[in-house]
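Participant: My questions will all concern the structure given below.
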Amino acid sequence: MTEQTIALVTGANKGIGYEIAAGLGALGWQVGVGARDGQRREAAVAKLRAGGADAFGVPLDVTDDASVAAAARLIEERAGRLDVLVNNAGITGGMPQTPTTVDPETVRAAVEVNVIGVIRVTNAMLPLLRRSASPRIVNMSSTVGSLTRQTTPGAETGPISAAYTPSKTFLNAVTVQYAKELRDTNILINAACPGFTATDLNGFRGVRTPEQGAAIAIRLATLPDDGPTGGFFDDAGVIPW
């Protein structure tokens, strides 16, 4: 079993996920680049390696049980354990998503990737995480999932959304439940918001760079053993639920 810290980042072939992988790689960690698209995945791995990171590709479709199981086997064979899991893969489902007109399939697709995909990957990786001395799980969420902010008059909460926004609220709630179940273990699990980051998820309309968006995930991935669990954070600190 390698002494090197091992991380897996889902949706890591581009955008924030790629920068999370790059940031963890810069720490000297071995980083699994989880992605569905083989060509983009291997291009990302090559770029990360060219930058000095110890990166390897992990074929991974978070909506597919067999794919996720195969990813867990790959990491077990390669490293024997997993120290950090960053659940970054996500979709918006496309806009507009006004509740009165949204296609239920759009809602279902967003929940399948953004919530059920996180549960699927997390549960598959938990046996490997339990072998780590300091396991960390980071779920990439968004402040739009904050019910407090959504109900605060004048707050900037993005467009009305019946799929993406509620899926992040759902993800936050699931994160809390994991933290409650795992509270007697050494696993720390938290939700992170990268801020309004320019990625293809929002048509590059964001005001933050992917590198800036990755910073909170890297911070939560490197928490000390007495760090928080079951929380919701951005660069400024705790986000209200």
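Read-outs: derived from the displayed coordinates by stated rules, not from any lab. Worth saying up front: this structure is predicted, and the values here are computed from it rather than measured. Cβ coordinates were reconstructed from backbone atoms using ideal geometry, including for glycine residues, and neighbour counts include every protein chain displayed.
Participant: Short version: what are the Cα gyration tensor semi-axes of segment 6-238, square root of 5 times each eigenvalue, largest first, in whole Å? Don't skip to the end; give the middle numbers.
Facilitator: On the way: eigenvalues 139, 76, 62 Å².
The answer is 26, 20, 18 Å, longest axis first.
Participant: Which whole-Hz ³J(HN,Hα) couplings does segment 24-38 yield from phi under the Karplus relation 6.51 cos²θ - 1.76 cosθ + 1.60, θ = phi - 60°, glycine and proline marked x?
Facilitator: Running phi through 6.51 cos²θ - 1.76 cosθ + 1.60 with θ = phi - 60° gives 5, x, 5, 7, x, 7, 8, 10, x, 9, x, 6, 6, 6, x Hz.
Participant: Long-range amide H contacts for Q97: which residues qualify at under 5 Å (H placed 1.01 Å from N, peptide plane, sequence gap of 5 or more or a different chain)?
Facilitator: A162
Participant: Now for a different question. I'd like the Karplus ³J(HN,Hα) series for segment 44-50: coefficients 6.51, -1.76, 1.60, θ = phi - 60°, whole numbers in Hz, and an x wherever there's a Gly or Pro.
Facilitator: 5, 4, 4, 5, 5, 5, 4
Participant: Under 15 Å from the Cβ of D54, count the other residues' Cβ atoms, weight Lys and Arg +1, Asp and Glu -1, and hand me the total.
Facilitator: With Lys, Arg at +1 and Asp, Glu at -1, the net is +1.
Participant: Under a 5 Å amide H to amide H cut-off, with H placed in plane at 1.01 Å, what residues pair with I189 once short-range neighbours are removed?
Facilitator: I137, G230
Participant: List the residues whose amide H sits under 5 Å from the amide H of L60, counting only those 5 or more places along or on another chain, with H placed 1.01 Å from N in the peptide plane.
Facilitator: Under 5 Å from the amide H of L60: A35, R36.
Participant: Right, here's the next one. Please give the Cα centre distance for segment 115-176 versus segment 225-239, rounded to the nearest Å.
Facilitator: Measuring centre to centre over Cα atoms gives 13 Å.
Participant: Let me ask another. For segment 95-185, place one equal point scatterer on every Cα, skip the solvent, and apply the Debye formula. What is log10 of I(q)/I(0) at q = 0.19, 0.20, 0.21, 0.26 Å⁻¹?
Facilitator: Results for segment 95-185 at q = 0.19, 0.20, 0.21, 0.26 Å⁻¹ read -0.91, -0.97, -1.03, -1.32.
Participant: Using 0.36 nm per residue of separation minus the Cα-Cα distance, give me the extension gain between E211 and A155 in nm, one decimal.
Facilitator: 17.6 nm
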